[in-house]
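Here's the structure we're looking at; comments come further down.
No value in this document is a laboratory result; all are computed from the given coordinates. Note that this is a predicted model, so its numbers are computed, not measured. No Cβ is skipped: glycine too gets one built from the backbone with ideal geometry, and neighbour counts run over all protein chains shown.
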Amino acid sequence: MTDIDHDTAHRLSTERPEDFWAALAELVHWDRRWDRVLDDSNAPFYRWFAGGKLNTCYNAIDRHVENGRGDQAALIYDSPVADTKRTLTYRDLLDEVARCAGAFASLGVGHGDRVVIYMPMVPETVIAMLACARLGAVHSVVFGGFAARELATRIAETDPKLVVSASCGIEPNRIVQYKPLLDEALRIANAEDTTCVILQRPQAQATMIEGRDVDWGELMAGAAPAGCVSVDATHPLYILYTSGTTGTPKGVVRDHGGHAVALTWSMKAIYGLEPGEVFWSASDLGWVVGHSYIAYAPLLAGCTTVLYEGKPVGTPDPGAYWRVVDEHKVNVLFTAPTAFRAIRRDDPHGEHVGRHDRTSLRALFLAGERCDPATLEWAQQQLDIPVIDHWWQTETGWAMAANCIGLGLLPVKPGSPTKPVPGYDIHVLDEEGNDVATGDIGNITVKLPLPPGNLLTLWKDDEGYRRGYLSRYPGHYLTGDAGCFDEDGYLSIMSRIDDIINVAGHRLSTGAMEEVLASHPDVAECAVVGAADTLKGELPVGLVVLNADAKSDHDTIKVELVTLVRERIGPVAAFKNVVVVKRLPKTRSGKILRGTIKRIADGAEHKIPATIDDPTTLAEITEDLTTIGYPRAGTPSGNM
Ligand code: COA
Ligand code: AMP
């Protein structure tokens, strides 16, 4: 269904969702067809394609080999940091994934078992994910930039049969030894007996624990290939943890059937790709963008996916993206606006852009954070192709609002991710649950049922799913974002309504950082806000009030706090700015005025809240923030 326009497809999807999705389900191979397209018998926990049976790995690999794509490149690994390139055809990938599945099965992994994957950006990560899918096991990939404690939480929550890891990740400024972090995480999670498969990379040698740890290379060498296990369409494919409003991350659960259908269709409808074309999602496999658009969707659609282990700048220069586009003839590129801000900072006049052949590149898609119009316009100017902002989140797994080039490119409006994607009935609601007037800002919701590919629930926490997403407006899914529609039906995303911030496209919870700061013995109370940053969009800033008997050396306390967040959450939190304050501005009922603190840090206009307990705290905070350089010059005023 790509030969119709965006609005017609959208109307069809909301008026006759079952017909719409039944037609699109023909894009994938089913071992058994479904009994019901949409099972609403346990609403609001809807299920798509109930009664159907299929296997995601079969649809992503085997089917293409059987249909004559065996010699086509399936995955191109390009790593400037490891100085390695490797192409795997669909036939190569089938061989590796089938043997990996056989190896995992020999270690006892079967249908429904969980496998935690804590890996860098190497082909073995995709191979391990697909091997789990092949067996009907449930993978949970953990981003390499998280600290041992975050990994431990995910291990404790998922209780894995197996952990798959590597000796190291490679950051431009250092080798990140994974094994000590993994051993520490297993200790914290009381899971030290869990079998671990470790990929030894040449850059670091992991110390193996005799009798528990298994060498990836040795295991695969002796493994017999395993076939695909046919699973229920509603069977979980993976769990992916994301930041919630507390220190405890939320395990988003995705299924096989709906996910395969939605993602396969999205490649053509949203990104305009044909089988055999090259798609590059410059993200990380640890995030949802990496799951959906490095690993699954390009392969489901018979495309070639590029797996890039490097940065937009510094590996070795701001021409890195254009070198990859040129070398691998990338047709569509997907990345985060922050990557373009970094490239623009280092190559403002696009000198590197001009050094490479970019004729293969048809479109650039941006997501993960608000795309400031200046970045979008710079990219458009440099590349002279459509630059498309699109909006989605870990929970949805694919875009909720986009300019779907496969359904006919609509005019681009900088600052807007265009219109709701077919399948998503998006509303902007006021506090009482009424649709707001055009142009007015409200809470963005999706009317239930969510389309296929979205979260089924939170892992072992149906009640948390209901409470966090479904209870605020019965019959609607609460996205956590606020925004508005314009007169043309274009959506704009303005801000989060909770404590989530977006740092270089990485989703983080300020609440989780506050929990870490509060655990320091000298801290009486604290607040963390996301202040605007020209490169990363937002950066966390911590304000701490110390106990009366705290040690007097504030600099030492500040260093300890920065170290604590790095150790507990990870370097990815980029928590480096903290200031000691006398007191925090609060309402008369004792609520910390974080919104006002953020506006002061951003140098934005702010009213004195009517409910404030003592207005003089605002002047104090303003002065305290200047000591650490806030407000900063030239920060984007986008996020409110
Ligand atoms: N493993 C270990 N550490 C990691 C890591 C990983 N996979 N990824 C990031 N880190 C570390 C970095 O080394 C850095 O550590 P440092 O404080 O010691 O320097 C810290 O986490 C912050 O990393 P990052 O946010 O990547 O900032 P940066 O300054 O290194 O680079 C950009 C800035 C803009 C170049 C970078 O953020 C980028 O490429 N962003 C692309 C965005 C993206 O892929 N988003 C995914 C969603 S689409
Ligand atoms: P994540 O779950 O990490 O993908 O983060 C999802 C959140 O990132 C969304 O809820 C938004 O707050 C933000 N986000 C993602 N894409 C966009 C976009 N195109 N514009 C504005 N915000 C975005």
If I take R0 = 51 Å and measure r between the Cβ atoms of GLU487 and ASN190 in this structure, what FRET efficiency does the formula 1/(1 + (r/R0)^6) give, to the nearest 0.05? 0.35
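Could you grab the Rg to Rh ratio for region 1-92? Cα atoms only, Kirkwood for Rh.
Checking Rg against Rh, the ratio lands at 1.13.
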Could you give the nm distance between label points at THR87 and ASP357, where each point is 7 Å from its Cα heading toward the beta carbon? 1.4
Under 15 Å from the Cβ of ASP555, count the other residues' Cβ atoms, weight Lys and Arg +1, Asp and Glu -1, and hand me the total. -1
Would you mind computing, in nm to one decimal, how far apart the modelled labels at GLU327 and ILE608 are, each placed 7 Å from Cα along Cα→Cβ? 6.0
With 10 Å bins from 0: P(r) over the chain, alpha-carbon pairs, percent: 3, 16, 27, 28, 18, 7, 1, 0
Length-normalised contact order of region 530-640, Cα under 8 Å, at least 6 apart, in percent, tallies to 30
From the cross-link list LYS419/LYS536; LYS179/LYS311; LYS53/LYS179, which pairs have alpha carbons spaced over 29 Å apart? LYS53/LYS179
For GLN72 and VAL436, what does the FRET efficiency come to when R0 = 51 Å and r is the distance between their Cβ atoms, rounded to the nearest 0.05? 0.60
Contact order relative to length of the chain, as percent, for alpha carbon pairs under 8 angstrom and 6 or more apart: 12
For ILE117, which sequence-distant residues (separation of 5 or more, or a different chain) have an amide H within less than 5 Å of its own amide H, given hydrogens modelled in the peptide plane? SER140, VAL141, VAL142, VAL164
Counting only other residues whose beta carbon sits under 12 Å from that of TYR90, what net charge do I get with K and R as +1, D and E as -1? -3
For region 63-209: relative contact order, % (alpha-carbon pairs under 8 angstrom, 6 or more apart): 20
What net charge is computed for the residues neighbouring ASP284, neighbours being all others with C-beta under 13 Å from the C-beta of ASP284, Lys and Arg scored +1, Asp and Glu -1? 0
Looking only at lysines whose Cα falls under 21 Å of LYS586's and that sit 8 or more positions away or on another chain, we get LYS598, LYS607
Region 506-626: C-alpha gyration tensor shape, a/c 1.5 cut-off, then a/b vs b/c: oblate
Between the DSSP loop rule and a limit of at most 16 other Cβ atoms within 10 Å, which GluC sites (Glu not before Pro) in region 486-567 are left? GLU487
A correct Karplus calculation of ³J(HN,Hα) over region 166-173, with 6.51 cos²θ - 1.76 cosθ + 1.60, θ = phi - 60°, whole Hz and x for Gly and Pro, returns 9, 5, 6, x, 10, 9, x, 9
Given H placed on each backbone N at 1.01 Å, which residues far from VAL278 in sequence or on other chains put an amide H within less than 5 Å of it? THR304, ASN331, VAL332
For the chain, what proportion of DSSP beta bridges, expressed in % and rounded to the nearest 5, is antiparallel? 60
Taking only DSSP H segments of four or more residues, each worth -39500 (n - 2.57), what value at 222 nm results for the chain once the sum is divided by all its residues, to the nearest 500 deg cm²/dmol? -8000 deg cm²/dmol
For region 506-626, percent of DSSP beta bridges that are antiparallel (nearest 5) comes out at 75
Distance between modelled label sites at ASP95 and VAL559, nm, 7 Å Cα→Cβ extension: 5.4
